[in-house]
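Undergrad: So that we are looking at the same thing, I have put the structure below in structure tokens.
The values are calculated or read from the model by the stated rules, or taken from the named source; none is laboratory data. Keep in mind that this is a model prediction, so the values were computed, not measured. Every residue, glycine among them, receives a Cβ derived from its backbone with ideal geometry; neighbour counts consider all protein chains shown.
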Amino acid sequence: MVSREEFENVQDMQNWHWRNSMRPIRFFAFDARAAIPYIFLLLYARLVTLVICIIVTIIFAILERMGLTVPSALRKFRSWLAGPKRQGWITLRRRHMIDYK
């Protein structure tokens, strides 16, 4: 006879594919976006391309150690560029509440 814990484990195993559907795609130990420069390395095998591939791989490794994905790192960079003070709207362009009766 199947115990309740085993039955719950079977139900969890059936739902694993839903949990893993939004995980980032991995190429060996890195995000799959780190493999894009290596495609260019296959097409244009030069020392410069190899150096670019190594630099991109190091950047992705640093992002992984910081716990960031590429989209979240880009958002963090954008917020760093904007700074702590956000520009406000001038009075003429500010939206006002409208009461439709």
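Undergrad: Inspect segment 3-18 for any residue being at negative phi and at pLDDT 75 or above and give the result as yes or no.
TA: no
Undergrad: Quick one: how many residues across segment 32-49 are in a helix (DSSP H, G or I) and either more than 19 Å from residue 73 (Cβ to Cβ) or of a type in the set (Lys, Arg) (or both)?
TA: Matching residues across segment 32-49 total 10.
Undergrad: Can you tell me which residue among 58, 52 is part of a helix (DSSP H, G or I), aliphatic (A, V, I, L, M), surrounded by 11 or more Cβ atoms within 10 Å (Cβ to Cβ) and over 20 Å from the mean Cα position of the chain (by Cα)?
TA: Exactly one residue qualifies, and that residue is 52.
Undergrad: Something else: Report, by residue number, each residue of segment 65-80 that is part of a helix (DSSP H, G or I), within 10 Å of the chain's Cα centre (by Cα) and surrounded by 11 or more Cβ atoms within 10 Å (Cβ to Cβ). If you could, list the steps in order and put the result at the bottom.
TA: Here is the first cut: in segment 65-80, the residues part of a helix (DSSP H, G or I) are 65-66, 70-80.
Remaining after also requiring within 10 Å of the chain's Cα centre (by Cα): 70-75.
Result: 70, 72, 73, 74, 75.
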